[in-house]
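Here is the structure we will look at, set down as structure tokens.
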Amino acid sequence: MGWVNLISCLLPDPAVVRLETWGTEHAPPTITLTLTSRSRPASCPLCSRRARRTHSWYERALADLPWGEHAVAVHLRVRKLFCDNARCKRRIFTERLPGVAAPWARKTARLSERLTAIGVALGGAAGARLGHSMGLAASRNTLLRLVRRALLPPDTTPTTLGVDDWALRKRHTYTGAMRCGMPQMPECLPRTAR
């Protein structure tokens with residue numbers, strides 16, 4: 001397996017982008033990837049009409065997940081296209097690559113997901129310290145902003161709800177357990193709690 005094939009396996013989304021060139025720098029240790037979007041039909045973000053004509057190309061600079069101690073800088077070339085719908089307010093638009101990066105983002109989607117997970121688990125300052133030690137440089141404010149933007153898990157209503165209680169007083173022993181949506185009681189509780 002050649003170097004280009006190996007590096008292509010590590011791209012943000014190989015089905016959407018193609019590796020053009022790559023290079024390394026030693027101070028600071030950085031791998032630079034030049035990616036081009038694969039020519040696929042793109043739709044206008046306002047009217048959803050498919051575009052047929054390319055206006056131009058432009059390059060986006062993105063940060064990606066590090067590879068070992070090397071930071072990864074991605075130069076992504078994407079198309080600008082004409083919207084041929086006469087009623088659409090947007091005449092020229094840029095193709096969207098949702099699996100690679102959000103519009104106007106400076107980080108790849110997978111780097112944003114990793115930083116969001118760190119922010120949810122540790123919060124701002126502690127998450128920033130852990131991220132820095134892992135090569136994922138982000139400020140505490142960036143982590144908190146990503147956490148605020150993250151989708152909340154769906155709310156589920158518990159099917160059953162109980163109270164946890166235990167006491168040992170004047171030769172009376174009783175225990176209880178909190179039961180919240182569990183199909184059956186845990187086996188670790190004594191028989192009197194069931």
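The values are calculated or read from the model by the stated rules, or taken from the named source; none is laboratory data. What you see is a predicted model; the values in this text were computed from it and never measured. Don't worry about glycine lacking a Cβ; one is built from the backbone with ideal geometry, like all the others, and counts go over all protein chains shown.
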Exactly one of (1) of a type outside the set (Gly, Ala, Ser); (2) in contact (Cβ under 8 Å) with a residue 24 or more places away in the chain; (3) in a strand (DSSP E or B) is unmet by Cys47. Its number? (3)
So which residues in segment 66-89 are in contact with a strand residue (DSSP E or B) (Cβ under 9 Å, 6 or more places away or on another chain) and farther than 17 Å from Pro45 by Cβ, if there are any at all? Pro66, Trp67, His70, Ala71, Val72, Ala73, Val74, His75, Leu76, Arg77
Identify the single condition in (1) farther than 26 Å from Thr142 by Cβ; (2) among the basic types (Lys, Arg); (3) not assigned by TED's automatic domain parsing to the domain that holds Val16 that Arg50 does not satisfy, given that it satisfies every other one. (3)
Every listed condition ((1) touching a His at 6+ places or on another chain (Cβ under 8 Å); (2) exposed (fewer than 15 other Cβ atoms within 10 Å of the Cβ); (3) not acidic (Asp, Glu)) holds for Ile31 save (2)
Which is basic (Lys, Arg), under 21 Å from Glu113 (Cα atoms) and either in a loop (DSSP other than H, G, I, E, B) or modelled with pLDDT of 90 or more (or both), of Arg52, Arg60, Arg87? Arg60
So in segment 83-99, with the set limited to residues that are farther than 14 Å from Thr36 by Cα and surrounded by 15 or more Cβ atoms within 10 Å (Cβ to Cβ), which one is farthest from the chain's Cα centre (by Cα)? Asn85
Of all residues in segment 23-66, which are among the hydrophobic types (A, V, I, L, M, F, W, C) and within 22 Å of the chain's Cα centre (by Cα)? Ile31, Leu33, Leu35, Ala61, Leu62, Ala63, Leu65
